[in-house]
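Have a look at the structure below before the remarks.
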Amino acid sequence: MFSKAIVRTPGKSLINGLTDSKHLGVPDYSKAIIQHQAYIEALKFCGLKVTVLDPCEDYPDSTFVEDVALITPNCVIMTRPGAESRRGEVKQMIETLESQFNNLEFIESPGTIEAGDIMMVGDHYYVGLSERTNLQGAEQLIAILVKYGLSGSTVSLKEVLHLKTGLSYLENNRLVVCGEFKNDPVFSGFEKIEIPESESYAANCIWVNDNVIIPSGFPITKQKVSATGYNVLEVDVSEFKKLDGGLSCLSLRY
Ligand code: CIR
């Protein structure tokens, strides 16, 4: 169960965030603020106490707080984003996390890792090797996890930005999977909720205390996830999609 979350209000500089989805257009800042607020309300509905950080204009992607830290029950690992324009976001987050945790660990150069590439399954953490997360980063992270009594393993990605762009763990041994992960032998032991390519964006959804928050506008995903017994909440995150960001990226949940 999670009890808390940290989010960061998008800044006006959001429109300059990194994206491979230029065809979707530039995010509308006012709409993004409204959507972000609805996202916070959904987290609160699921029982979380939400800390809302101020916008940070220097870093256009800083609303995607998930990528800069991994909060585990035993330690907090500050990442080192593969995207250079995002490295400074870590420092901002250290200040917030230092006040709550006393066991911060750090990924060092030349390692890079973004926590969108890390999927927690109980005490085990799957780490996607992507354009943002390299082997050194993954190995450093796994060594830290082991030091704290946890474990990790790497997964290769080909098509998606981050591991959790195409995969979400819904607890109870259940995975939402799309695209390249459907037949990946690494995940053969899970019960899979397969979603079609046409709804691939909804593969990034989040389990929060037996609720599952999914992006709005994906009826097949909604039906399939509801059918497995979760309470499904829909949140419109269209403006964040324009920056390749999904529901998980917008919060740290712990
Ligand atoms: C980026 O490209 O870094 C941001 N525009 C989107 C980050 C999305 N984060 C995530 O999937 N965990």
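Residues that are touching a Phe, Trp or Tyr at 6+ places or on another chain (Cβ under 7 Å) and part of a helix (DSSP H, G or I) within region 71-91 comprise 86, 88, 89, listed in sequence order.
For the condition at pLDDT 95 or above, in contact with a helix residue (DSSP H, G or I) (Cβ under 9 Å, 6 or more places away or on another chain) and of a type in the set (Gly, Ala, Ser), residue 200 qualifies.
Taking first residues from region 53-64 that are more than 9 Å from the ligand (Cβ to nearest atom) and partners that are hydrophobic (A, V, I, L, M, F, W, C) and in a loop (DSSP other than H, G, I, E, B), the Cβ contacts under 6 Å between residues at least 6 apart in sequence or on separate chains come to 62/56. The single residue among 67, 20 that is in contact with a Pro (Cβ under 7 Å, 6 or more places away or on another chain) and of a type in the set (Asp, Glu) turns out to be 67. Of all the residues in region 35-70, those that are touching a Gly at 6+ places or on another chain (Cβ under 8 Å) and outside any loop (DSSP other than H, G, I, E, B) number 2. The condition of being more than 16 Å from the chain's Cα centre (by Cα) and either surrounded by 17 or more Cβ atoms within 10 Å (Cβ to Cβ) or touching a residue at least 60 places away in the same chain (Cβ under 8 Å) (or both) holds for only one of 95, 105, that being 105.
Whenever a residue of region 221-238 is assigned to a helix (DSSP H, G or I), its partners that are basic (Lys, Arg) and surrounded by fewer than 19 Cβ atoms within 10 Å (Cβ to Cβ), lying with C-beta atoms within less than 9 angstrom and at least six residues away or across chains, give the pairs 238/31. When region 198-220 is examined, which residues are found to be of a type in the set (S, T, N, Q) and without any contact (Cβ under 8 Å) to a residue 60 or more places away in the chain? 198, 200, 204, 216 - these are the residues of region 198-220 that are of a type in the set (S, T, N, Q) and without any contact (Cβ under 8 Å) to a residue 60 or more places away in the chain.
The values are calculated or read from the model by the stated rules, or taken from the named source; none is laboratory data. Just so you know, these numbers come straight off a predicted model, no measurement behind them. Glycine also receives a Cβ, built like all others from the backbone with ideal geometry; neighbour counts cover every protein chain displayed.
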